[in-house]
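No lab work stands behind these numbers, since they all come straight from the coordinates. Quantities reported herein were computed from a predicted structural model and do not represent experimental measurements. When we count neighbours, we look across all protein chains shown, and the Cβ atoms used for this are built from the backbone with ideal geometry, even at glycine.
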């Protein structure tokens, strides 16, 4: 019994990491007033870019080194997801077009790219079968060497690849950035009221661009974690599923706070796989449990809007473009 | 001006323009489409080395190649148009209903439930009426819930409706699990033998009735938005809630009433998909249409008549890309990439319709 519980906690943490990356990225983006609904697409992009980078490296060198096996996919993933975020930023910030439409198109586009290259990368190189980067996956999965000596504790909490710890570190740094730095304060001002921020001398465009790009890059790492660590370097089309949307749900659930997002991701990650760990569940009951994250998110959304506590609200200018001459 | 030398005029500055002629606006959009097709062609060439003209020819064949293909195109267009019409009144008042997918799903689910439980115990026409009513009611419930919270507590509607999609999907999975006990989680065709609850075939076309109903709906929606008092109220609320309040429009009532309409049409779409097209239910019933409809409606500038073209265009892209995927043995996700590129270009072109770029003028002091 206790073993099952620890196995469940371990699995929940693994599930929570991609969600946490997505949620942190989306929080940073939304704090600037950009509701980026392209995050699910960006996460696919982050995953497939990493796969492409890893594949090209692993197949061009006879003896791939573990360090480059990590660095090259990491870099290509960051570039891929930043590029998609750049499309979104350019369209919504510079061209000021509708954020919802752009975001949804970006999700279609990103998932399309992911599934297209995931499904046909091998055939470009005259190979068949499905993508499997064993070395790269292994390099990403490498955990602390002493983790397994620490018994069940080490196995449950310390057995992850470095990307898992990085996710938590990024969330903590983001929280510090929002609450303790001048730039973080400025960013929140941009999301709350860009006109006031502009009048105070804050470069609204710069903040919006940077936060959307960095947010996109971080979200993309969630896709990278999924394909490299979770599946060990393998790609299956649509394998990432609807985790991107779940990440957006977490943003609401965590009321736009990165530290809360860590715990919320853990909770949602647990809910995501809970049905597997409850013995004797019927198929239909599983579906009801899988519904819980979304129902809970709606409840949170409703409750925060009813209580009207100022610090719990979405950024006031969320979803709106800013044009200086239009106030 | 003494300090003129010190002031650096930016290279260009942007101003809003309100006076653009409709013809010029559509011209800009057309240029965007052409540019998008060129970029898409470049993408196709770089990743596949195929002649893009050949690829586009195949796309056209995929939609118009045979009578059957053409009718499938029409049916898909009709369904996408139906959902687009549903989201339009809400968008016009700036209510971002991202939950059409879920509203269609619950509508379809209600129809499927009626078919599943009634079997052939009722005459088909009666069953169809019951299905229609329950579908529309379910769609309304799914749509009006976020609207009520938006109207009273200003709950963010785009996030609320987005989450409702996934609740609806899980609800469908749940019922399929209940109805199909063998665990395959795939619902077979309902009432295969008796065809009870199936929409009748008209003009020898299986999807004929779907197309006719949606065509009628387009006309009704056009009239509703342009020539009814309620349609006018929607535009006023969309332009400015404060103005609406000032002139005595009950904004809360308009929000809720509009979402009732939006949800009802989504429910109708679900009914048409189950009763007219698929005769079964699955999580993929709406197949992303709820999201595509947002782009269709927006591309058409919320004009029901223009939506006929934009929805057909999007469906054409998807069908065509599916065709080239099989013909050139590409992965069929290529259609999503092309759709994405084209939509990026068209939404990007809106900037040039709404704003004017003024380059730095050489002659100082002219203005």
Packing-based exposure ordering (other Cβ within 10 Å, fewest first) of A:208, B:229: B:229, A:208
In degrees, nearest ten, helix B:251-271 long axis to first principal axis of chain B (Cα): 50 degrees
Candidates B:248, B:102, B:197: whichever shows maximal mean-square fluctuation once chain B is modelled as a Gaussian network with Cα springs under 10 Å: B:248
For the range B:249-326 versus the range A:90-154, the gap between their alpha-carbon centres in whole angstrom: 30 Å
Residue among B:15, B:339, B:218 with the largest mean-square fluctuation in a Gaussian network model of chain B, springs linking Cα atoms under 10 Å: B:15
C-alpha long axis of helix B:334-354 to longest principal axis of chain B, angle in °: 40 degrees
Value of relative contact order over the range B:11-110, rounded to a whole percent, pairs C-alpha under 8 Å and six or more apart: 9 percent
The range A:252-313 versus the range A:1-75: alpha-carbon centroid distance in Å: 21 Å
Residue B:180-residue B:54 pseudo-label distance in nm [points 7 Å out on the Cα-to-Cβ vector]: 4.0 nm
The range A:91-169: relative contact order as a whole-number percent, Cα under 8 Å and 6+ apart: 17 percent
Distance from the range B:197-242 to the range B:93-161 (C-alpha centre basis), Å: 16 Å
Backbone N within the range B:25-62 under 11 Å of label point (7 Å from residue A:124 Cα along the Cβ vector): B:46-49
In degrees, nearest ten, helix A:99-124 long axis to first principal axis of chain A (Cα): 20 degrees
Relative contact order [Cα under 8 Å, 6+ residues apart], chain B, whole percent: 35 percent
Chain A, helix-only ellipticity at 222 nm - DSSP H runs n ≥ 4, -39,500 (n - 2.57), divided by all residues, nearest 500: -24000 deg cm²/dmol
